[in-house]
Amino acid sequence: LLDDFVLPPPPAEPFFHSQHVIDEMGAVMADASKFFFSKEGAWKAQVNTNKFERLMDEKYGIFRPFIKEHPQVEEAIKDFQRKYSSGYFSPFRQKPGPIPKSTAVVILFMMQRGKIRWEILLLAAVFLLVGLQPWALVLIIIAIQSLMGVRKHQAIGKMKKTIPAVESYFEGCDTKEQKYKKLSEPVGTPGDSMLADLAKGDIDSSIFDTIIFGSGPSALYTGALLSRAGRKVLMLCPNDDASGCLTLDSTKSKIDAKYKQIPFDLQSSNISKYSQQIKFLVPALSTQTDLQGGVRFAQVGSEADNHAFEILEIPGVGPNGSNYLTCLTAGNIKEQLMDEAANYLGDGWPGADGSVGNSAVGAYISACEQINSTSNLFYASKIIPDSINNSRSQSSYGDCATRYVAGMLNQSFPLNTQTRSLVAALGMRAENILPNNTSLAAHVTHLTAATSGEGAYYPVGGPRALCHALANIIERNGGRVLTKVPVKELVFDKKSASPPPSPSDNTSTDAKDDEVPCPRCVGVQLEDGSSLKFAETDSSSDVDKPAVISTFGLIDTFIRMLPDDIRAKYKVPRGLPALSESRPVMKAVFLLNGGASDLNLGGADYFRLPNAAKAFDEVNQQTGEIKFGDIGWATERAEAGQASGEESKEDGLLDVTSQAAETDADSKRRRKQNVNYESGFSWLHIAFPSVKDPSFEERHGKVTTCVVTFEADDNFVSCFESKPKLYVVKQTVGDKSTVDRVLHRIKRDLFDLYPQLEDKVLHAEIPPVISRSLMHNPERYAAKGVRADTPYPGLFVGGSDLTVNGSFSAGIVGGWLAANAVAGYNYIDLLFLEKTITRDIEQFMEVPVLSEADEEDVAVPFTPPKMEDNYEAEETTTDQE
């Protein structure tokens, strides 16, 4: 055993290095032994024991018995304390991140280029660059979601948690005749007596806190939403009827008294994309017994004509340079247009399975649909602060808004001038403006509305029925709708403004505009010289302060209604001087003897579109390079820039070897600078509103209304190349001979297109010139000042200037934007919570008690026409084509 025993190796370093260390260790052990075992040190041990007991009581209190029985809990607590002191529970990482910061920057850049939502980008930056712990990131997200949930179910501004449902405007009308009689009354009440009382002193905000001036469905829709949001709305309409309809009684026409109360719809209230628009309208219309306030909408046209709603005539696109007619219908209009372009205009054929295939027209429409899908983000920016907009990525619709249509048309249809004109006509029917001057965004909006497949809808009872329902909401919530109240100018509280910048100041103009606050708008001055002005309020929140809303557009509001001294001292919205006013229009109204079936009339509107006339491209015979010609005949052109060209007369396709000269007449129209109405060629829109309303004949008998819209020529308006570009009505507009001469030309066009009407005219006249809003050029959509809010506190703008002109649906969206801005919805509500004034009204409004009876509670009872009764009328559309 001793032989196998091996001594362990000595330690590398001895534990005791010297005798001094050994002696020191011995002294320490001796002191410890004396402390614990000698009689003299016993008291010290007892003191330490008591101290430990006291510390345990102070530390754990009533939980000490539990800790004493479970010592592992104390160990866990001590472990937590050690980790906390070492930074283990810090919200920021103590060690390097999962990836280097340089790599994180690249990833964030790629996310930004991929248009990832900026809030997600921010959270990623906090995690990767700041070094936030994952659990801290989760807690932040939970806290934000909780706060947003509270905000989402919170009433904004003056809105109440419970919005009472009101009675319908036809409450108490039990029979059809009573409802018809109620509908025959103009919307609103004359404001003479009430205005006299209001003008005696300042208006108490407890009586009215919002003034809206304007007329038509858009203005009344804005007022109805704000009334539901808790505001007391005073609406001022310059006309006899707040619905915007014209009656022959108001024009003092010499006609049989039974015809004087027949309303003419001057605004052509066709509703496109009805499934979307009804979502906007329901919160403003809902009553105690019906979600739509009793208002119903009928689809334009009939099954016989596949619900045709528009007929477009495009000059030069047909065979041998003739005019081309196309009819827009409900259903699969996209497939119809692709087949039409392939059969008659030389376009590629669509796929047999209904796909786009080789159709350039189909591919173009599909691209426009994708662009238009992001339009809601662009128009939401009209009520979001610029600082937030600048941090957001631009939508594809926003990118297109500042581009011209002509560039996209030339790129999409480089060789086929006919299909180029066809899609140009689809995209700009409401205004006579050339593709060279048109914003691509407006073009996309109009084109996708025409090709949505839903067709067009029209309110049963006309716009007056819809406006009666909206006015009812305003008045049932404490507001008033007054008519015959023309507004002259805006009134401002000059005490609320800072002094204007001094001319000697060296700062830039833009800096001054941003720094100097403008005076608050506190009311309006009327044409008779009286003023309606809000009294001062103690509220510190802008959401609760009184507001003035103009639905007349930016030009009228800031050029014609803003006092000269205010405009000179302060400013107009940014970009307004670079904009242009659309050329005003005139309306020729015709009352026809006979119903729709008697006159063989369909509900489709007719448009003649010289702004989409076929282009004449030029080809360099040596290089083969194509120089694209301008689409359309110019209404006004600064210089003649279109040379004559040649084209194939049979199919309209570009021929690089032989070209026939453009006709002299067409060439002159392209170079034309003076604007005069020319029969057979000028821009024209013909509508038969009564034919679209299935209740009209039952209410008014065998008569038909016709409204012809045309541009006011140089006999009636003058153009001023100011900043912004303006049109001024001439004093000679009342000259009877001039008006009669234009009316004669309008009749010639009307009878050429609808020869059956020639001896059916009971009355015809042309009301005064009607101003329109901004031109649809890219400058309009690039201007930062085209917003619902304005530089002047308390002043807001609504209507189609915020969206696109010539569209009922766009006007409703413009009113919706203004209502959200006045009610105080911020960018968090709109971008993250999807919280808007209409959704809050749906959330807080009492649920209607729907009738259990089979009959609906409708405002305008009507009998739908039978198909065979209208068959001949709808055949007229095909005959005209």
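The values are calculated or read from the model by the stated rules, or taken from the named source; none is laboratory data. Keep in mind it's a predicted model, so treat the numbers as computed, not measured. Backbone-built Cβ (ideal geometry, glycine too); neighbour counts: all protein chains shown. Keep in mind that these areas ignore ligands, DNA and RNA; they rest on the heavy atoms of the full protein, side chains included. Shrake-Rupley method; radii C 1.70, N 1.55, O 1.52, S 1.80 Å.
For the reader, a short list of remarks on this structure follows.
- The one condition in (1) open to solvent by 20 Å² or more (accessible area, probe 1.4 Å); (2) touching a residue at least 12 places away in the same chain (Cβ under 8 Å) that SER322 fails to fulfil: (2)
- Any hit, the stretch 582-589, residues being crowded, with 20+ Cβ neighbours inside 10 Å, of a type in the set (Ser, Thr, Tyr) and in a strand (DSSP E or B): no
- Selection over the stretch 447-456 of residues that are within 13 Å of ASN270 (Cα to Cα) and open to solvent by 10 Å² or more (accessible area, probe 1.4 Å) gives a count of 2.
- Restricting the stretch 149-198 to residues that are hydroxyl-bearing (Ser, Thr, Tyr) and surrounded by 12 or more Cβ atoms within 10 Å (Cβ to Cβ), the residue that is nearest to ALA547 (Cα to Cα) is THR189.
- Verdict on GLU340 being farther than 22 Å from PRO573 by Cα and open to solvent by 30 Å² or more (accessible area, probe 1.4 Å): no
- Scanning the stretch 528-567 for residues that are closer than 27 Å to ILE770 by Cβ, acidic (Asp, Glu) and part of a loop (DSSP other than H, G, I, E, B) returns a single hit, ASP528.
- Residue check for ASP740: under 30 Å from the mean Cα position of the chain (by Cα) and open to solvent by 40 Å² or more (accessible area, probe 1.4 Å): no
- Here ILE107, ILE67, ILE99 are screened, and the one residue that is touching an Asp or Glu at 6+ places or on another chain (Cβ under 8 Å) and either of a type in the set (A, V, I, L, M, F, W, C) or modelled with pLDDT of 75 or more (or both) is ILE67.
- Odd one out for ILE142, checked against (1) under 34 Å from the mean Cα position of the chain (by Cα); (2) surrounded by 13 or more Cβ atoms within 10 Å (Cβ to Cβ); (3) not basic (Lys, Arg): (2)
- Condition broken by PHE92, with the remaining ones in (1) aromatic (Phe, Trp, Tyr); (2) surrounded by 12 or more Cβ atoms within 10 Å (Cβ to Cβ); (3) touching a residue at least 24 places away in the same chain (Cβ under 8 Å) satisfied: (2)
- Looking only at the stretch 776-834, residues that are open to solvent by less than 20 Å² (accessible area, probe 1.4 Å), β-branched (Val, Ile, Thr) and within 11 Å of the chain's Cα centre (by Cα) come to 3 in all.
- Here is the figure for the stretch 82-119: residues that are closer than 25 Å to LEU831 by Cβ and β-branched (Val, Ile, Thr) total 2.
- Test: residue in the stretch 189-199 that is under 30 Å from ARG476 (Cα atoms) and among the β-branched types (Val, Ile, Thr): yes
- All of (1) closer than 29 Å to ASN323 by Cβ; (2) open to solvent by 60 Å² or more (accessible area, probe 1.4 Å); (3) touching a residue at least 60 places away in the same chain (Cβ under 8 Å) hold for PRO755 with one exception: (3).
- Restricting attention to the stretch 590-606, the residues that are in a strand (DSSP E or B) and in contact with a Phe, Trp or Tyr (Cβ under 8 Å, 6 or more places away or on another chain) add up to 2.
- Residue in the stretch 215-234 that is at pLDDT 90 or above, in contact with a helix residue (DSSP H, G or I) (Cβ under 8 Å, 6 or more places away or on another chain) and β-branched (Val, Ile, Thr) present: yes
- Selected residue (criterion: farthest from ILE555 (Cα to Cα)) from residues of the stretch 694-708 that are touching a Lys or Arg at 6+ places or on another chain (Cβ under 9 Å) and open to solvent by less than 10 Å² (accessible area, probe 1.4 Å): THR704
- In the stretch 199-316, counting only strands (runs of 3 or more DSSP E) that sit wholly within it, the ones holding 2 or more residues that are open to solvent by less than 10 Å² (accessible area, probe 1.4 Å) span 210-213, 233-236, 310-314.
- Meets criteria (in contact (Cβ under 8 Å) with a residue 12 or more places away in the chain, over 24 Å from SER809 (Cα atoms) and charged (D, E, K, R)) for ARG420: yes
- Test: residue in the stretch 447-463 that is touching a His at 6+ places or on another chain (Cβ under 9 Å), within 15 Å of ASN611 (Cβ to Cβ), in contact (Cβ under 8 Å) with a residue 40 or more places away in the chain and in a loop (DSSP other than H, G, I, E, B): no
- Checked against the criteria, LEU122 counts as among the hydrophobic types (A, V, I, L, M, F, W, C), out of contact with any Phe, Trp or Tyr (no Cβ under 6 Å at 6 or more places or on another chain), open to solvent by 60 Å² or more (accessible area, probe 1.4 Å) and farther than 30 Å from VAL233 by Cβ.
- Selection from the stretch 384-422 of residues that are of a type in the set (A, V, I, L, M), at pLDDT 90 or above and assigned to a helix (DSSP H, G or I): ALA401, VAL405, ALA406, MET408, LEU409, LEU422
- ALA547 vs. criteria over 26 Å from the mean Cα position of the chain (by Cα), crowded, with 22+ Cβ neighbours inside 10 Å and at pLDDT 90 or above: no
- Answer residue from the stretch 375-398, given it is in contact (Cβ under 8 Å) with a residue 24 or more places away in the chain and open to solvent by 30 Å² or more (accessible area, probe 1.4 Å) and is farthest from ASP789 (Cα to Cα) among those: SER396
- Which numbered condition SER193 fails, given (1) closer than 23 Å to CYS467 by Cβ; (2) assigned to a helix (DSSP H, G or I); (3) modelled with pLDDT of 85 or more; (4) not β-branched (Val, Ile, Thr): (3)
- Residue list for the stretch 79-89, filter: open to solvent by less than 80 Å² (accessible area, probe 1.4 Å) and assigned to a helix (DSSP H, G or I): ASP79, LYS83
- Selected residue (only one of LEU684, LEU762, LEU726 is surrounded by fewer than 21 Cβ atoms within 10 Å (Cβ to Cβ), in contact with a Phe, Trp or Tyr (Cβ under 6 Å, 6 or more places away or on another chain) and in contact (Cβ under 8 Å) with a residue 24 or more places away in the chain): LEU726
- Residues (within 17 Å of ALA136 (Cα to Cα) and either surrounded by 10 or more Cβ atoms within 10 Å (Cβ to Cβ) or touching a helix residue (DSSP H, G or I) at 6+ places or on another chain (Cβ under 8 Å) (or both)) located in the stretch 95-106: GLY97, PRO98
- Each residue in the stretch 216-259 was checked for being free of Cβ contacts under 8 Å to residues at least 40 places away in the same chain and among the polar types (S, T, N, Q), and 1 pass.
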